[in-house]
Amino acid sequence: AENKQTMGFQAEVKQLLQLMIHSLYSNKEIFLRELVSNASDAADKLRFEAINNDALYGNDHEVKIRVAFDKDARTITISDNGIGMSREEAISHLGTIAKSGTKEFFGKLSGDQQKDAALIGQFGVGFYSGFIVADRITVESRRAGLDASEGVRWESAGEGDYSVEQIEKAGRGTDIILHLRDGEEELLNEWKLKSIIRKYSDHISLPIQMMKEGSDELETINQASALWARSKNEITPEQYEEFYKHVSHDFGAPLTYTHNRVEGRSEYTQLLYIPAKAPFDLWDRNKRGGIKLYVKRVFIMDDAEQLMPTYLRFVKGVIDSADLPLNVSREILQESRDVKAIREGSTKRVLGMLEELANADEQEKKDKYATFWTEFGQVLKEGIGEDFANKERLSKLLRFASTHNDSDVQDVSLEAYVGRMKEGQDKIFYVTADSYAAAKNSPHLEIFRKKGVEVLLLTDRVDEWMLSFMHDFEGKELHSVAKGGLDLGAMEDEAEKKEHAETETQYQDLVGKMKEALADKAKEVRVTFRLTDSPACLVADENELSGNLLRMLKAAGQ
Ligand code: ADP
Ligand code: MG
């Protein structure tokens, strides 16, 4: 056609396509899950836009997904009558990857197929996974509300480019037509397709239909009810896992989840997951994802940030409210008391889920908490400064490296530390530094080693900030070994005290001279007993910023 135009893929798309076809081949059935998942998202978007514009439905109110195959043409077609795509949308949504961190992600790929497969899974491949089994994909779409003449045909062989042209399309929505590669004939089979759909897409809340072979009857393959609205004992672990992959766009299994119907002043259902891997854009404040908000099963928005505090931004899932109005906007969410109740309730659930792992006796759960801490511990620490109401629960979930272990693994809780405190010790000691090696070799630790007193080694960027909100734990002051005078209190015996006093007198003159010499550099010079091997060290004043924080502020240009 004369309006047909050929365009090049974004460089990352080309790279992704090549890698994916090879590295995900052993898991090729997932293409159907991804395409059905997109069809379901498209239906959600239509229902949402139609809340204020019922005309979008035209005379076609029954939103559904259809899967068909044609043995002679060697095609599989996934159709939906959801929101559809305009020509511009097809170009931007199917020709580029709209994810932050895409460049960094591709920088991480090693060329080792197995490792890359795991990474790609984590990145999520979505629509492009069709190319695992197809050597050509044709997409025919028409956006809801546009004229039949304003359809678009997008087509690509999954190499360097794709074409787009305007077409006539009778109904709204999207048909994805996969032209199968040689050797993929086994997919042209009713039983095979049904079993893949049941395995991966049973949780989809719209009907997924197929024609019964040899008849003209449509059959619904899945349960076609919102998974979160079903009762817990009717949902298998596999279904929970597949639903997670659908809402999170993650390929891997979640670490853990919680599913509850909350009744009372505010009525809602929550199905919340903790991922096993941090996303690439964990530190990107504009990232999408998180929690999907539904109101009485109608999708309202992605990433409803009001529903979860920022420090729990890694939590994925669905919250379905029975109280909020369907036309709720982000502005209304900000002020709603129902939303506040939902956020508080959901925060408590997430903390409960973490406590269950953290306090478990089973090794499997303990390992899960260790994984959680490695992936998200630094984010959770933000909660100490952000969530005053839950500060105590949060402080029990913290894990640190410590002189008790000879390793940089952060696995010591404050409770464990307190349990090991020496007789007469009344403080929790810590040192901050910008690396584990620097912390471990700090001269400030010498006296603590000698006395066998444990010191926490804090090396995350967020630690200093967190400590400014946490002065004690269970009545025990948190005390930097690098700050102020060192009062080991009752841990020092009388003989030591006497000896120290004598030494101080002995060096009085020297100290006086050093004070004069360093008058403009040091506020105070004193004889110290905190060192055993090093001749001298710098300490910060009790009320001053620590050396490490000063270095950080300087590095940040302050
Ligand atoms: P994701 O689903 O994670 O956004 P995909 O690669 O699966 O990524 O899909 C890319 C985009 O293409 C979607 O976000 C959507 O905008 C568009 N898209 C894909 N399939 C459909 C469809 N069936 N109907 C409407 N839009 C679609
Ligand atoms: Mg998708």
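The values are calculated or read from the model by the stated rules, or taken from the named source; none is laboratory data. Note that the coordinates shown come from a computational prediction; the quantities given were computed from them, not determined experimentally. Every residue, glycine as well, gets a Cβ built from its backbone with ideal geometry; the counts of neighbours run over all protein chains shown.
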*Which condition number in (1) within 16 Å of ligand 1 (Cβ to nearest atom); (2) not in a loop (DSSP other than H, G, I, E, B) is the one that PHE251 fails?*
(2)
*Are there any pairs with C-beta distances below 7 angstrom linking a residue in the stretch 214-237 that is in contact (Cβ under 8 Å) with a residue 12 or more places away in the chain to a residue that is of a type in the set (Lys, Arg), with the two at least 6 apart or on different chains, and if so which?*
ILE221/LYS194; ILE221/ARG198; ASN222/ARG198; ALA226/ARG297; ALA229/ARG297
*Restricting attention to helices (runs of 4 or more DSSP H) lying wholly within the stretch 77-164, give those where 2 or more residues are more than 15 Å from LEU16 (Cα to Cα) and among the hydrophobic types (A, V, I, L, M, F, W, C).*
87-95
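Would the stretch 49-56 turn up any residue that is in contact with a helix residue (DSSP H, G or I) (Cβ under 9 Å, 6 or more places away or on another chain), near ligand 1 (Cβ under 9 Å from one of its atoms) and at pLDDT 95 or above? Lay out the reasoning, then the answer.
Let us first name the residues in the stretch 49-56 that are in contact with a helix residue (DSSP H, G or I) (Cβ under 9 Å, 6 or more places away or on another chain), namely 49-50, 56.
Narrowing further to those that are near ligand 1 (Cβ under 9 Å from one of its atoms): none.
Looking through the stretch 49-56, none of the residues is in contact with a helix residue (DSSP H, G or I) (Cβ under 9 Å, 6 or more places away or on another chain), near ligand 1 (Cβ under 9 Å from one of its atoms) and at pLDDT 95 or above.
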_Filter pass, VAL262 being surrounded by 19 or more Cβ atoms within 10 Å (Cβ to Cβ) and either polar (S, T, N, Q) or at pLDDT 85 or above (or both)_ = no
*Which members of the stretch 173-225 meet the condition of being assigned to a strand (DSSP E or B) and small (Gly, Ala, Ser)?*
GLY173
*Which helices (runs of 4 or more DSSP H) does the stretch 373-464 wholly contain that include 1 or more residues that are over 30 Å from VAL315 (Cα atoms)?*
414-419, 436-440, 446-451
*Is there any pair with a first residue in the stretch 249-268 that is closer than 30 Å to ILE30 by Cβ and a second that is more than 16 Å from ligand 2 (Cβ to nearest atom) and assigned to a loop (DSSP other than H, G, I, E, B) whose Cβ atoms are under 8 Å apart and which are 6 or more apart or on different chains, and what are they?*
ASP250/LYS277; GLY252/ALA276; GLY252/LYS277; ALA253/ALA276; PRO254/ALA276; LEU255/ALA276; HIS259/ILE235
_Subset of the stretch 27-48 [charged (D, E, K, R) and either within 11 Å of ligand 1 (Cβ to nearest atom) or closer than 19 Å to ALA224 by Cα (or both)]_ = ARG33, GLU34, ASP41, ASP44, LYS45, ARG47
*Identify the residue in the stretch 1-46 that is at pLDDT 90 or above, in a helix (DSSP H, G or I) and acidic (Asp, Glu) and, among all such residues, is surrounded by the fewest Cβ atoms within 10 Å (Cβ to Cβ).*
ASP41
*How about the stretch 65-92: which of its residues are surrounded by fewer than 18 Cβ atoms within 10 Å (Cβ to Cβ) and within 16 Å of ligand 2 (Cβ to nearest atom)?*
GLU89, SER92
